[in-house]
Amino acid sequence: MSIECKAEYGGMYGNMVFVPVCDVCGAELPVEYDFMDAVRATEEAGWKSRIVDNEWRDICVDCQEDER
Ligand SMILES: [Zn+2]
């Protein structure tokens, strides 16, 4: 899974945040506070999700073009 779950510190307790990361180049989308929002963000950005070696990989737009 390439939507990383990170702890964000700054309040009394850390919030869990979700950061979509391209599995090819490491590009990141802005932090989301809900997993489904993070998934939606990848779709809106034109990222593709596919299964490689039984794992979900997220591919950003730039890396999709590299594959053609
Ligand atoms: Zn990429």
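What follows draws every value from the coordinates through simple rules; no lab data is involved. Model, not experiment: these values are computed from the prediction. Quick reminder, even Gly has a Cβ in these numbers, built from the backbone with ideal geometry, and neighbours come from all protein chains shown.
Pairs linking a residue in the range 18-39 that is near the ligand (Cβ under 10 Å from one of its atoms) to a residue that is in a loop (DSSP other than H, G, I, E, B), with Cβ atoms under 7 Å and 6 or more positions apart or on different chains, are Val21/Ser2; Cys22/Cys60; Asp23/Ser2; Cys25/Cys60; Ala27/Cys60.
Tally up the residues in the range 23-47 that are within 23 Å of Glu65 (Cβ to Cβ) and in contact with a Lys or Arg (Cβ under 9 Å, 6 or more places away or on another chain), please. Show your work before the answer.
Pass one, the range 23-47, residues within 23 Å of Glu65 (Cβ to Cβ): 23-30, 38-47.
Within this subset, residues satisfying the condition of being in contact with a Lys or Arg (Cβ under 9 Å, 6 or more places away or on another chain) are 23-24, 42.
Final tally of qualifying residues: 3.
Candidates Cys60, Cys25: the one that is surrounded by 11 or more Cβ atoms within 10 Å (Cβ to Cβ), touching a Phe, Trp or Tyr at 6+ places or on another chain (Cβ under 6 Å) and more than 14 Å from Glu4 (Cα to Cα) is Cys60.
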